[in-house]
Amino acid sequence: MIEAHSLTKRYGERTAVDDLSFVVPPGIVTGFLGPNGAGKSTTMRMLLGLDAPTSGRAVVNGNSYAAHRAPLHEVGAMLEARSVHTGRSAYHHLLALAATTGISKRRVNEVIDLVGLRAVAKKRVGGFSLGMGQRLGIAGALLGDPATVILDEPVNGLDPEGILWIRNLLKKLAAEGRTVLVSSHLMSEMALTAEHLIVIGRGRLIADTSVADFIARAAGDVVRVRTDETEQLHGLLTGPDMSVTSPEPGVLQVTGLSSERIGRIAAEHGIALAELTPQQASLEEAFMELTRHAVEYQPPVDQLVGASGDGLAA
């Protein structure tokens with residue numbers, strides 16, 4: 001289990017992490033999300049004892065990282081996959097890590113096979129592709145068979161087969177009862193991998209919830225209604241905090257009323273409905289909606305859109 005208690009990190013006058021508290025439970029994959037500059041990397045560094053908090057406390061499996069006698073067996077982490085000696089082979093890189101805490105050569109070979117690097121295990125890391133470097137970083141994180149795994153952007157550089165592999169690996173690790181915290185900018189992948197989300201912006205907690213609840217919180221009640229009697233139905237759909245728009249002929253988009261309530265109103269007035277569909281936002285849409293006030297930098301629209309309004313500016 002990972003616990004952050006009022007974590008704060010300041011660099012001079014700049015606050016990178018601001019009174020951040022959360023718990024990452026074992027047994028599920030937890031996604032750690034936030035815009036660029038949100039404080040994710042700083043938070044993970046504090047969890048691993050690489051940065052000292054200005055105030056607050058980070059605990060992994062009951063102790064601070066530095067207090068564990070064999071930290072590689074407690075916490076496996078990958079924050080920067082390419083932080084390796086480029087002149088070493090993958091095998092000797094992992095062997096050197098293993099030697100620091102008495103991990104056997106057998107385990108080194110096991111993780112090489114686990115991440116699919118057997119064919120290049122004796123090649124120098126400096127010649128590795130980005131995807132191969134990611135696999136090596138993950139192998140290092142799993143070397144001590146840890147109870148807790150922390151990975152920063154693990155699917156960067158992986159092809160579709162590799163992305164599927166890491167998705168299944170993370171779910172397998174969680175199913176074994178481990179604590180799994182994964183940071184990523186790929187919302188579509190997080191939607192398929194994570195069950196729980198911790199979302200931060202400008203160093204502060206925005207959400208600590210399930211994926212489903214996070215999406216529902218952003219989307220609200222939006223229902224697509226298709227009928228030949230849109231004008232009549234539109235006039236019947238009234239109430240506080242609701243709106244009705246018509247994105248296309250014969251279709252209403254209703255916000256603030258449930259599909260059940262809309263259906264009852266239509267039935268009471270004899271209005272036939274061809275479609276009554278609750279709309280669900282994607283994780284990406286929910287993320288953009290709930291973090292739009294927490295982005296570090298947002299360029300003016302005229303820098304993004306050309307004069308015609310339908311393309312990128314040259």
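Listed values, structure above:
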| quantity | calculated |
| --- | --- |
| Beta bridges by DSSP in the chain, antiparallel share as percent, to the nearest 5 | 65 percent |
| Full-stretch length increase - S83, E285 - with 0.36 nm per residue and alpha-carbon distance subtracted | 69.4 nm |
| Which of K171, K9, K105 has the fewest Cβ neighbours within 10 Å, and the rest in rising order | K105, K171, K9 |
| Theoretical gain in end-to-end length, T238 to E110 [0.36 nm per residue, Cα-Cα removed] | 39.8 nm |
| Relative contact order [Cα under 8 Å, 6+ residues apart], the range 200-255, whole percent | 35 percent |
| Proximal lysine pairs, the chain, alpha carbons under 22 Å, eight or more residues apart or interchain | 4 |
| Gap separating the Cα centres of the range 193-265 and the range 52-76, nearest whole Å | 42 Å |
| Relative contact order (percent, whole number), the chain, Cα cutoff 8 Å, 6+ residue spacing | 20 percent |
| Helix-only mean residue ellipticity at 222 nm for the chain, each DSSP H run of n ≥ 4 adding -39500 (n - 2.57), per residue, nearest 500 | -9500 deg cm²/dmol |
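Every number in this text was worked out from the coordinates using simple rules, so none of it is lab data. This structure is a prediction, so every number in the text was calculated from the model and none was measured. In this analysis, Cβ positions are derived from the backbone assuming ideal geometry, glycine residues included, and neighbour counts consider all displayed protein chains.
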